[in-house]
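**Student:** Take a look at this one; I'll ask things after.
The values are calculated or read from the model by the stated rules, or taken from the named source; none is laboratory data. Only a predicted model underlies this, so the values are computations on that prediction, with no experimental measurement involved. Because the Cβ atoms are built from the backbone with ideal geometry, glycine has one as well, and the counts that use them run over all protein chains shown.
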Amino acid sequence: MTPAKVIPFRPCAKPTIPRGAQPACPILLEAERLLEVAHDLHKALRSFRRSTRRCLACPRSGACPAMRHITGNLDAAIRELTRHWKLDRF
């Protein structure tokens, strides 16, 4: 038996309400807002990654306490979301 194919999350796609759905449905409206925030977060993380390329020229880049702190917090947040939504079971 082959495992189900996992469709990767694409935060760069603009969220849409399914055709025929009631636009006043609070669940669909909340889902649309959530996807918009995910899209914004994805853009912000890409921008942050580009800006951290400047750190490569810094002589202290390997031992920077600020970058360790920031990346540690990002890693912890991603792990918490993964556990909370049970995404680590795939």
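**Student:** Within the bounds of region 2-12, is there any residue that is modelled with pLDDT under 80 and of a type in the set (S, T, N, Q)? Walk me through how you get there before you give the answer.
**Tutor:** Residues of region 2-12 modelled with pLDDT under 80: 2-12.
Of the ones still in play, those that are also of a type in the set (S, T, N, Q) are 2.
Yes, region 2-12 contains at least one residue that is modelled with pLDDT under 80 and of a type in the set (S, T, N, Q).
**Student:** Has region 34-56 got at least one residue that is exposed (fewer than 10 other Cβ atoms within 10 Å of the Cβ), at pLDDT below 85 and not in a loop (DSSP other than H, G, I, E, B)?
**Tutor:** Yes, some residue in region 34-56 is exposed (fewer than 10 other Cβ atoms within 10 Å of the Cβ), at pLDDT below 85 and not in a loop (DSSP other than H, G, I, E, B).
**Student:** Kindly evaluate Arg79 against the criterion of being part of a helix (DSSP H, G or I) and within 13 Å of the chain's Cα centre (by Cα).
**Tutor:** yes
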